[in-house]
Amino acid sequence: MAADIDFTAFFDATPSPYLVLDTDLVIRYANHAYLEATNRSRPHLVGKYFFDALPANPGTDGDAERNLEESLRRVLATGAPDILVLQRYDISAPGRPGGFEERWWSNTHTPIPAADGRVAWIVQRSEDVTAFVHSSRVRRLTEEFSEREKGMAAELYVRARELHRLNEELREAHERERQVAVALQEAMLQDHDLTRHNDNIAVRYLPATRSLNVCGDWYDVVDLPPDRYAAAVGDVVGHGLEAAAVMGMLRSALSAAIRAIPSPAQALEVLGLYARSVDGAMAATAVKVLVDTRSRLIVYSNAGHVPPVLLHPDGTCELLDQATDPPLGARPYHVPRPQAGLSYMPGDTLVLYTDGLVERRGEDIDTGLDRLATALAHSVDLAPGLLADAVLTHLGVAGGAPDDIALVVIRL
């Protein structure tokens, strides 16, 4: 079934200048681009004989009008398209009676047949190549080049200009999509409880450099009054909107679970059961920590994630790697997840992160963990926000990495 297309709207939207003439060479339609190219309004063109509406410059040798009319007559006679490349046809200057502006064109005349096969309309596509004619490029086309070769060069110029325009449009579209993506990601990672910890918790989120700023890494901070709070980071496999949607569901589910069940292991058990019902959540990883400020105890559970690091004021580090289990949804049946505890001292720093911070292609994960410990030791005296930035810089990912990065720095 034929598509219902509004061809007037289509031609008005195209950036190339188009004109439609009848068999008497009377202009029946001009799109917006044609009006702009010729500095004319639609009433000045539509309904008028072409050479009355757009008269040739009398100061030229007369070939311009003759060549253009011969091309249009050939289309009417043969029913085949005709092309005029590198054709001069000046345009009368607005506001200057009798004045003309030098213009060079690349014209394509295409016939539209009626039901009986005879030509009913001619579509003229006119690309302004004046800038090309006056550029250094054309000066290099010496007399050694034929008119056909010069015409081909002009046509290539038109195509290159079209590609440049399309590239600009793509860049603008990408920037708009990036801004929407950033707003979406920020909304999904919005954390009201985090604002209560501005003095002791800093977070950083860096999307993968090859993504659209929408990824599957996440972080979360939950207050559990009167003297506890929880933090988590997680990683959904993949990038893009699908991974971000799964990330949003898992993050919300774990945030709700820890509020109802303030046990990291049990909260991850609930999340694991939920992950089995979510497409794309299989093999997602997460680590959850509970900080009890009254007993100075960190309780944690890990579902296939890289281990958090406890940084001491003397620069030494401990890995929280005693409660590690497979990723979410990895088991076909329910098994209780492990949980471990670790005491801390005031001034210690707890660091949670995703694998994009430490993993490098072709390198063992232990090498990345050692590099992280070294970076933390070098910045141990810094406040959480400055420490987070220093670690990203030290590891060479301050401007982003091939994989997403979520980083949470907690001064205990």
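Which is within 20 Å of residue 56 (Cβ to Cβ), touching an Asp or Glu at 6+ places or on another chain (Cβ under 6 Å), polar (S, T, N, Q) and at pLDDT 80 or above, of 126, 92, 106?
Details: 126 fails: touching an Asp or Glu at 6+ places or on another chain (Cβ under 6 Å); 92 fails: touching an Asp or Glu at 6+ places or on another chain (Cβ under 6 Å).
Matching residue, one of 126, 92, 106: 106.
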Just checking, does segment 343-355 include any residue being within 24 Å of residue 268 (Cα to Cα), at pLDDT below 95 and out of contact with any helix residue (DSSP H, G or I) (no Cβ under 7 Å at 6 or more places or on another chain)?
yes
Going through segment 31-40 one residue at a time, which ones are open to solvent by less than 30 Å² (accessible area, probe 1.4 Å) and either assigned to a helix (DSSP H, G or I) or aromatic (Phe, Trp, Tyr) (or both)?
33, 34, 35, 37, 38
Is at least one residue of segment 346-362 part of a helix (DSSP H, G or I) and more than 31 Å from the chain's Cα centre (by Cα)?
no
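Which residue is farthest from residue 110 (Cα to Cα), if the candidates are limited to segment 47-65 and must be surrounded by 17 or more Cβ atoms within 10 Å (Cβ to Cβ) and not polar (S, T, N, Q)? Break it down stepwise before answering.
At the first step, the residues of segment 47-65 found to be surrounded by 17 or more Cβ atoms within 10 Å (Cβ to Cβ) are 50, 53-54, 56-57, 64-65.
From the residues that got through so far, the ones that are not polar (S, T, N, Q) too are 50, 53-54, 56, 64-65.
Values: 50: 16, 53: 20, 54: 19, 56: 22, 64: 19, 65: 18 Å.
Taking the candidates together, the pick is 56.
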Please determine whether any residue of segment 194-214 is within 30 Å of residue 334 (Cβ to Cβ), open to solvent by 20 Å² or more (accessible area, probe 1.4 Å) and either of a type outside the set (D, E, K, R) or in contact with a Ser or Thr (Cβ under 7 Å, 6 or more places away or on another chain) (or both).
no
Mind checking which residues of segment 262-280 are part of a loop (DSSP other than H, G, I, E, B) and of a type outside the set (D, E, K, R)?
262, 263, 277, 278, 280
Report the residue count in segment 367-412 for those that are open to solvent by 30 Å² or more (accessible area, probe 1.4 Å) and part of a strand (DSSP E or B).
1
Among what's in segment 12-30 and is part of a loop (DSSP other than H, G, I, E, B) and closer than 22 Å to residue 114 by Cα, pick the residue that is nearest to the chain's Cα centre (by Cα).
22
Residues of segment 280-328 being in contact (Cβ under 8 Å) with a residue 40 or more places away in the chain and β-branched (Val, Ile, Thr), in sequence order, are 285, 287, 289, 291, 293, 298, 299, 306, 309, 316
Check residue 230 against each of (1) touching a Leu at 6+ places or on another chain (Cβ under 7 Å); (2) part of a strand (DSSP E or B); (3) modelled with pLDDT under 90 and name the one condition it does not meet.
(3)
May I ask you to list pairs of residues, at least six apart or on different chains, whose Cβ atoms are under 9 Å apart, with the first in segment 347-371 being at positive phi and the second being surrounded by 18 or more Cβ atoms within 10 Å (Cβ to Cβ)?
347/411
Determine whether residue 24 is within 20 Å of residue 134 (Cβ to Cβ) and not basic (Lys, Arg).
no
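Being among the basic types (Lys, Arg), in a helix (DSSP H, G or I) and buried (at least 22 other Cβ atoms within 10 Å of the Cβ) is true for just one of 259, 337, 251. Which residue is that?
Values: 259 fails: buried (at least 22 other Cβ atoms within 10 Å of the Cβ); 337 fails: in a helix (DSSP H, G or I).
That would be 251, the only listed residue that is among the basic types (Lys, Arg), in a helix (DSSP H, G or I) and buried (at least 22 other Cβ atoms within 10 Å of the Cβ).
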With respect to residue 68, determine if the residue is within 25 Å of residue 131 (Cβ to Cβ), surrounded by 19 or more Cβ atoms within 10 Å (Cβ to Cβ) and in contact (Cβ under 8 Å) with a residue 40 or more places away in the chain.
no
Does segment 287-332 hold any residues that are farther than 23 Å from residue 347 by Cα and of a type in the set (Asp, Glu), and which are they?
325
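Taking segment 4-30, which residues are of a type in the set (D, E, K, R), open to solvent by 50 Å² or more (accessible area, probe 1.4 Å) and in contact (Cβ under 8 Å) with a residue 12 or more places away in the chain? Break it down stepwise before answering.
At the first step, the residues of segment 4-30 found to be of a type in the set (D, E, K, R) are 4, 6, 12, 22, 24, 28.
Then keep just the ones that are open to solvent by 50 Å² or more (accessible area, probe 1.4 Å); that gives 4, 6, 24, 28.
The answer is 24, 28.
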Please find, within segment 295-334, the residue that is farthest from residue 378 (Cα to Cα) out of those that are part of a loop (DSSP other than H, G, I, E, B) and hydroxyl-bearing (Ser, Thr, Tyr).
333
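The values are calculated or read from the model by the stated rules, or taken from the named source; none is laboratory data. Just so it is clear, the model here is predicted, and its values are computed rather than measured. Note: ideal-geometry Cβ built from the backbone for every residue, glycine included; neighbour counts use all protein chains shown. Accessible surface is based on the protein model in full, side chains and every heavy atom, while ligands, DNA and RNA are left aside. Shrake-Rupley method; radii C 1.70, N 1.55, O 1.52, S 1.80 Å.
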